[in-house]
Amino acid sequence: QIYGDGCQQRAFTWIGDVIPQITEAGWRPEVANQVFNVGAEVPNSIIVLAIAIAEAMGLAAERLSVEKGWEFIPPRLCEVHQAYCDNSKWWRVTGDTPLAAMPLESGIRAVVEWMKELGAQEPPLMEMEIPSDKVPEPWRK
């Protein structure tokens, strides 16, 4: 299932791309007491994400269509259409040079390979969500 039309965009961050900024932030006086965005700056649509996951899992591209199984459901309440980071303040304040980010498809393939190596696992917790009447109805399971 895909919420909305699948065209909403998110910038998915590979943790290795932001570890330097996160770990160095506590030791660099020039960044003390400031707020920074660190993360992926290039957004991808949810449809592109779904295709990348399916392809990394070995599903044929021709199977990826509305006719062959995608179900679009109403968008979530207050859905943000586009979300990505702007790291320019970090680069400006620190003088660091931006590094190349992990491409979405490469990151998805790496996660799928890791999951295959790990194998099936028993989840440590059965329920991760905390029930609340304040959660919008479309977000509830």
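Do the conditions hold for ARG109, that is, is it modelled with pLDDT under 90 and open to solvent by 80 Å² or more (accessible area, probe 1.4 Å)? Full working, then the answer.
Details: modelled with pLDDT under 90: no; open to solvent by 80 Å² or more (accessible area, probe 1.4 Å): yes.
Taking the combined requirement at face value, the residue does not satisfy it.
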Checking PHE36 against (1) surrounded by fewer than 16 Cβ atoms within 10 Å (Cβ to Cβ); (2) closer than 28 Å to TRP91 by Cα, the condition it does not meet:
(1)
Out of everything in segment 57-71 that is at pLDDT below 70, assigned to a loop (DSSP other than H, G, I, E, B) and of a type in the set (A, V, I, L, M, F, W, C), what residue ends up being nearest to the chain's Cα centre (by Cα)?
LEU64
Before we move on, is ASN44 at pLDDT 90 or above, farther than 18 Å from TYR84 by Cβ and of a type outside the set (A, V, I, L, M, F, W, C)?
no
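Within the group VAL38, VAL93, VAL42, which residue is hydrophobic (A, V, I, L, M, F, W, C) and more than 23 Å from ALA110 (Cα to Cα)? Step through it out loud before you land on a result.
Values: VAL38 fails: more than 23 Å from ALA110 (Cα to Cα); VAL42 fails: more than 23 Å from ALA110 (Cα to Cα).
Only one candidate passes the filter, namely VAL93.
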What's the number of the only condition in (1) part of a loop (DSSP other than H, G, I, E, B); (2) exposed (fewer than 12 other Cβ atoms within 10 Å of the Cβ) that ILE22 fails to meet?
(1)
For the list (1) surrounded by 12 or more Cβ atoms within 10 Å (Cβ to Cβ); (2) in contact (Cβ under 8 Å) with a residue 12 or more places away in the chain; (3) not in a loop (DSSP other than H, G, I, E, B), I need the number of the one condition that ALA54 fails.
(2)
Restricted to segment 1-19, and to residues that are open to solvent by 50 Å² or more (accessible area, probe 1.4 Å) and free of Cβ contacts under 8 Å to residues at least 24 places away in the same chain, which residue is farthest from TRP91 (Cα to Cα)?
ILE15
What are the residue pairs meeting all of these: first residue in segment 77-90, first residue touching a residue at least 12 places away in the same chain (Cβ under 8 Å) and under 14 Å from ALA40 (Cα atoms), second residue open to solvent by 40 Å² or more (accessible area, probe 1.4 Å) and in a strand (DSSP E or B), Cβ atoms under 9 Å, and 6 or more apart or on different chains?
GLN82/GLN9; GLN82/ARG10; ALA83/GLN9; ALA83/ARG10; TYR84/GLN9; TYR84/ARG10
What number of residues within segment 1-19 satisfy the criterion of being assigned to a helix (DSSP H, G or I) and β-branched (Val, Ile, Thr)?
3
How many residues, within segment 26-51, are in a helix (DSSP H, G or I) and aliphatic (A, V, I, L, M)?
7
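The values are calculated or read from the model by the stated rules, or taken from the named source; none is laboratory data. Note that the structure is predicted; figures quoted are calculated from it, not measured. Reconstructed Cβ throughout: ideal geometry from the backbone, glycine too, with neighbour counts over all protein chains shown. Heads up: the accessible areas ignore ligands, DNA and RNA and are worked out on the full protein's heavy atoms, side chains in. Shrake-Rupley method; radii C 1.70, N 1.55, O 1.52, S 1.80 Å.
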